[in-house]
1. Students often forget the sequence filter, so: which aspartates and glutamates lie under 15 Å Cα-Cα from Lys992 once same-chain residues fewer than 8 apart are removed?
2. For region 793-919, what's the relative contact order in percent, using C-alpha pairs closer than 8 Å and at least 6 residues apart?
3. Give me the compactness ratio for region 737-845, meaning the Cα radius of gyration over 2.2 N^0.38 Å.
4. Label 7 Å along Cα→Cβ of Thr1151; region 1168-1189 residues with amide nitrogen under 20 Å?
5. Could you calculate the FRET efficiency of Val887 with Ser725 from 1/(1 + (r/R0)^6), where r is the beta carbon distance between them and R0 is 30 Å, rounded to 0.05?
6. Can you pull the one-decimal nm distance between simple spin-label points at Asp202 and Asp180, each 7 Å off the Cα toward Cβ?
7. Tell me the label-point distance for the pair Lys386, Glu879, using the 7 Å Cα-to-Cβ offset, in nm and rounded to one decimal.
8. Spin-label point model (7 Å from Cα, Cβ direction): what's the Thr1218 to Ala454 distance in nm?
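Coordinate-derived values only; no laboratory data. In this text, all values refer to a predicted model and were calculated from it rather than measured experimentally. Cβ atoms come from the backbone with ideal geometry, glycine included; neighbour counts cover every protein chain shown.
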Amino acid sequence: MPHRSLRPTLLTALAALSLVAPLAATPAFAEEGDDLEIPATTIQLQGTSTLTGSLSITPEGAVSVDTSGGLTVDSQCVPSLITACLGAASGADPFAPPMNVITVSNGLFSGDADAAPALGWILEEGQDVLAALYDLPADGRIGVHASDELRGYLLTRILDILDRSLYGVELTTNEQTTLDWLNATLLASDRKTAQYAVDEFDAFRAAECGYTPPAAPSTVTDPVGLPSEVVAWCARRHTILESAFVYTPPQPTADAFRAWGVYRNAAELGVDRMTPEVGESMARVYRAAGALSGFAVAGGAAGVASAAVGSALTAGGTSTVATVMGGIFPHAVRAGTLAAVGAGAGAAIAGAVISAIVVTIVGSIQVAEYEQVGTDLRDDLADAKKATDPFDLASIRDDYAGLDLREGMTPANLPPYRSAVSTARIVELITSLTSTYDSGVRIPDGVALWSDNATTDQDYRFLVMDGSTPHVEDSITVPNGAGQSTIRFSRGWLVVDSGAGERPELDFNYVDNAGRDTLAARAPAGAGLTAPDGGFSLTREGPDAALEATRSNTLNFIRDDGTSVSVALVPPETSAVSGVRPSVVGPLTPDRTHVLRPNPVDDQGQFDGLHETGFDYTWTVKRIDRVTRAWVEVLPATTSYDVRFRPTEVGDHRASVLMHDTDPSDGTVPDAWGVVDFKVKPATPVLESSLLDGGDPDLRLDLQVSAPVPSNNYKVEVKWPKKTSGAPGGTTVIDDLSCVQTSPSSCAAPLQQVQHTLAADTDLTDDVEVKITDAYGSEVRKRIPIDDPVRPTFAPPQPLSSTQSGTVAFSPGGIAVEVPVAYPGANPNYELARLVRGNGGGAPGFQLIDPADGVARAGFPLPGGAGNLSVREDPATGEWVVDLHSVPGISAIGSITIPLAVVAGGMQATIPLTVQIVPSSHDRYRAALATAHEPLAVLDAVPDLVPYVMGGRSEWGDYAGDLCVKVEFVSFPAEPGEQCGPIADFLDDAGKLEAVPFAELSAVGVRNGLFRVSTWLATEGDRTDTTPTEFSFYLEGFEDPEPTGPTITDFAWDDTARLLTFTLTPSSPDVPLTGSECSIDGSETSCPEWADGRWSGADLEPGPHTFALIVVDQSGSTGRAEFEFTVAETEPPTPPTIGGFAWNNAARVLTFTVTPSSPGAPIAEYECALDGASVPCPDAASGRWSAAGVAAGAHVFRLTATDAAGAEATAEHPFTVTAPPSPGPIATIVAAVVAFIRALLRRWF
């Protein structure tokens, strides 16, 4: 009688889905209104390089397999022009106990609808892979008892997809969906974790000693808690010295807040509520991933569901198993792959995995470490918001361009997604999505055996060769390094007991006869095995901790008593009889027609198609209920050769067929069962959308929905961008959108137009999110950015100058500003962003929208005294700039976040702005004054001003240097009073800080006028900010005492002479003046003629000035006075005039005229040059210059004249020196006679 499914001998791979002569034919038995058309299709199947086969589908829905090429085709669903699922023969009723099981996929993705289309296809592929790789029956137990292996396959396949993306291999639609989902999920997790870290930081700042950090996941052995300094600070009574410091409690580091953000994210995923068994399951995922790679390599890469899968598992050969899997986890975890994983070992491995998870997201957000915790965390958040690739593949993709897949990938050179922390994130995600969540706790997968689990002659058994006569045993006992394991088979599965009870497994650990930890699984025949009934796939740790995979006909080990044992497999007893391999053909979506065919096979397992008559075929179709987890009948028992039915629900379905011989004339064939499993999935709708964004607050979203089903109803949810505060921005819902039939197999919904008005504080860096769902669980999401080019955009600001004490951090996701309080002389203006106009036109110029009232204006004040925002045009570039003017006082310390909204020509853009007022940059210590009054207040009494130390970090301890205070009378200069010393010098007898001793330090006592009190830290260092903090106030209401010292009166300024005069009057003729101090504009200056009542201002620049004078008499009394005056602007002197040049060639003389600008400015100096070289000109004052001796030719004479006022004039004159003509003979004789006569006359007379 038929007894079991046809036993596969190789992994099945659909390496090339080549269609052979597809024919668009209408089935001959199509019913009226039928929506199913099946093209005749042949799909080529590829196993190893020498084994081939094909699967054919007829227009009637019949499926047949050609195995003449040696390829055994296992149960699987093959997607092509239409999906065909091929089943297997079954030895019993497939719905009879104990096989009423469900798969892990039934509990998948309840918390993440996007995960279903991204991971569901891999899970289905994985079940086919495991069934073929481990030679398992197609009865649904894979999803229950191989859940860890399925998760391992998910991990392996995801890493393979990342490899393909990195190396530039074109991805399939499903692979791209998975990659997009993974990126989006990890980026969202990064953003959540970064936001949680900021939230925890803000919560700590608000609650201080009342703050409690989030709990760590239960599997974390070394959780991050409050630093001991914080706990101690909050718990103890403050000492006298501590009362001198009014800073906040010691603050945890940025890394601590990041860890707490990870804990919150883990809580959301349910990782904090995993049982120890689930933690062990996470470790087994790593074990399974290593095993899958090893067994697939040992199997010779026979393939599974596509060429991609074979490559994913084998990674190019045995030598690269370590490359693909070795970098995923540390050696201790990798060794656990090969050693027995009991409760203790599993917990240890899980601890290593969970520990990696805790640091995963902190490590994945690549940011520079700054000193300021708040700025650090907000930078994390800004980086996370603008990130588009969680693994930063774009930055390394060029390094892999042109290489073969995984070429150059070594354990020492792995891409970032194959690191331990990145893989831990994926394992965490997979485990969270595929484990059951019950009453707030993630519970482990079931391990209980099916009730009918005895080993029979229908199971594999063992041929034991131990020195005695070879004999067959139902089970064997092998050493596993930590004890012993008992191994047997039941209904096609391994059953392993390693000391904690029997559980179904796909593989087992043992120590081989060479003492090596080995992972073993049953291997089908072929691919290097000489045994006709198969043998074992073995994975061991080889040199350099690499995993090595082989196949062996036997299992070899040494018993505890030293006996060497060799074990081979004994196959089940079989009977060669005919049976059925049922199939289902259709789109595998609800409300669509599907064809069930029995596909009889002969006694060789070949599809013969000869049994359509003479037999009854009774069909039953059931579905697993997701809630009750029980089989629900969807098609009552129906007797027909082929059946058409329409599933009404999604989920896992099973069709069984009983083949019963009704014609005993040719002999009676025993009843034969067949079963085919298939998953009905919701038809994915197609969403086309267009956002009409005119740049103003009014948006319109046009939506068009269609689907590959005759009709359906959808729910549409449009989530609008959130507020800058993080509050929701509103949701628009269309509850019942009808998709109207447009063809036998498709529908379309009417165009939907959804309108929305953006609030002034909308975060326009957020997207519009559209979600479409139906009653079957189908879901499509789409994010649409608000980025119409008509809108203005924000661009980075110009760098800060050295005069600015704060910082500005700009990113597309937000702007963060940090401003220290009360920095005297610092530039208070911070450029936050440059504004770029959109192309929407409109009036030029920008305005800011005040979040207080929504009105657009040029500027507005920030709450809490943080400063003022304004917008202006940069005259140098023509760009518009957003500025912050901030001169915050100590009372403004804290943080605010507002929407920075700009509008230009009616077009709006918004970005979050955070302004943080801090005591000092980099958390440094700084001195401050505590007072109850506002700066520049007018008071009738001296206020209490108490100096203290703010800022610092808990790990630095208390400030141990000196503190200084100073009191100045600003109304006129006076010697300030100053006190410096350790903190203890400023404490009273009770150990409390005292107010500044004003009367002692004021040089003028208490009197009317403007006073300034300053305090600063006098001990310099990296942790100390020595910048003074100042407080100024006016005193009024005091009567000034009558002067008793000398007086200074009658100030007068002579602008022409640049001379200041005054009158000094001693308090008594008997008390002479003995000294003075002078200052101009607050700076000390010399005044040697003070006793004569004179001071020279010859060097003063034009403009207003203040002169202050203090004189002291013999008794020590002083007189003080100030005088304000203005130095007038003076016109520059007029230079002299040079002209009248004339050249006398015969006389060799150049004449000219030099005319002074005025009688009071005579010429004081002449300078002459000939042809650029200086020459003497002693007769220049007479307007003459002698050129005697100048060579013939062209020359240039230059004259510079400078008058007594310093005015200067220069002029040049070109001239030519000509030689006299040569004399003739007569002239020469005459000249000689004349010269002779002259000589005689001189001699005689």
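1. Straight-line reach from Lys992, under 15 Å: Glu242, Asp944.
2. Numbers: 298 pairs, mean separation 38.1, N = 127.
The value is 30 percent.
3. Values: Rg = 23.1 Å, N = 109, 2.2 N^0.38 = 13.1 Å.
After normalising by residue count via 2.2 N^0.38 Å, the value is 1.77.
4. Label zone hits: 1177-1189.
5. Details: r = 26 Å, r/R0 = 0.88.
After rounding to 0.05, the efficiency reads 0.70.
6. That separation, rounded to one decimal, is 3.2 nm.
7. 1.4
8. Modelled inter-label distance: 14.7 nm.
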